Amino acid sequence: MKLLALLGLGSQAAAPVANALAATDPWQLSEAEWKKRLTPAQFDVLREEGTERPGSSPFNAEKRKGTYHCAGCDLPLFSSDTKYESGTGWPSFHTPLAGALGTKTDYKAIFPRTEYHCVRCDGHQGHVFNDGPKPSGKRYCNNGVALTFKAAA
């Protein structure tokens, strides 16, 4: 709250700002806590950077309006408005929600790829490629098991 006062934000602004900051505070859970929280398939993808079998996610056929969240910590990652059929067998999006993802270079496939993860729990989501549709030209190829879906009201 002292920071909010230094920034000139009154008590009315304190709750929304504090909530926004808490939304992305990093999660520090032990391996045992993650295993308790996640299914074995979710643990493999989110914590061990595994990949689910293509075509196995029910989210490939999901057409409703809503938001896709991280299955590890429930942080919103993608709007359904950015989902498209990439033909890859994994749910694909052209644009993430602002500030939701971090990236790093992954060399597991011999050639470098850009891996992306949830900024709150560091859960592996998938890889991003430069062959997506406009407006971004990106394809965020996501493991469906790393996501949950919340339909719009």
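The values are calculated or read from the model by the stated rules, or taken from the named source; none is laboratory data. Owing to the predicted nature of the structure, the values given are computational and were not obtained by experimental measurement. FYI the Cβ positions are ideal-geometry reconstructions off the backbone, even for glycines, and counts take in every protein chain you see.
Here is how the numbers come out for the structure above:
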| quantity | calculated |
| --- | --- |
| Qualifying residue in region 65-73 (condition: buried (at least 16 other Cβ atoms within 10 Å of the Cβ) and over 15 Å from the mean Cα position of the chain (by Cα)) | no |
| Subset of region 37-55 (residues that are closer than 16 Å to H69 by Cα and without any contact (Cβ under 8 Å) to a residue 24 or more places away in the chain) | F43 |
| Residue among K150, K83 that is touching a Gly at 6+ places or on another chain (Cβ under 7 Å) and surrounded by 12 or more Cβ atoms within 10 Å (Cβ to Cβ) | K150 |
| Residues located in region 101-126, provided they are surrounded by 13 or more Cβ atoms within 10 Å (Cβ to Cβ), in contact with a Lys or Arg (Cβ under 9 Å, 6 or more places away or on another chain), in a strand (DSSP E or B) and not charged (D, E, K, R) | T114, Y116, H117, H124 |
| Search result, residues across region 127-145 that are within 15 Å of L97 (Cβ to Cβ) and either among the charged types (D, E, K, R) or not in a loop (DSSP other than H, G, I, E, B) (or both) | V128, K138, Y140, N142 |
| Yes/no for F59 being at pLDDT below 95, within 19 Å of H124 (Cβ to Cβ) and over 13 Å from the mean Cα position of the chain (by Cα) | no |
| The listed residue being touching a His at 6+ places or on another chain (Cβ under 9 Å), crowded, with 17+ Cβ neighbours inside 10 Å and in a helix (DSSP H, G or I), out of L46, L77 | L46 |
| Close pairs (6 angstrom Cβ cut-off, 6 or more residues apart or separate chains): without any contact (Cβ under 8 Å) to a residue 40 or more places away in the chain in region 113-138, of a type in the set (D, E, K, R) anywhere | R113/D106; H127/R113; H127/E115; V128/K138; F129/R139; D131/R139 |
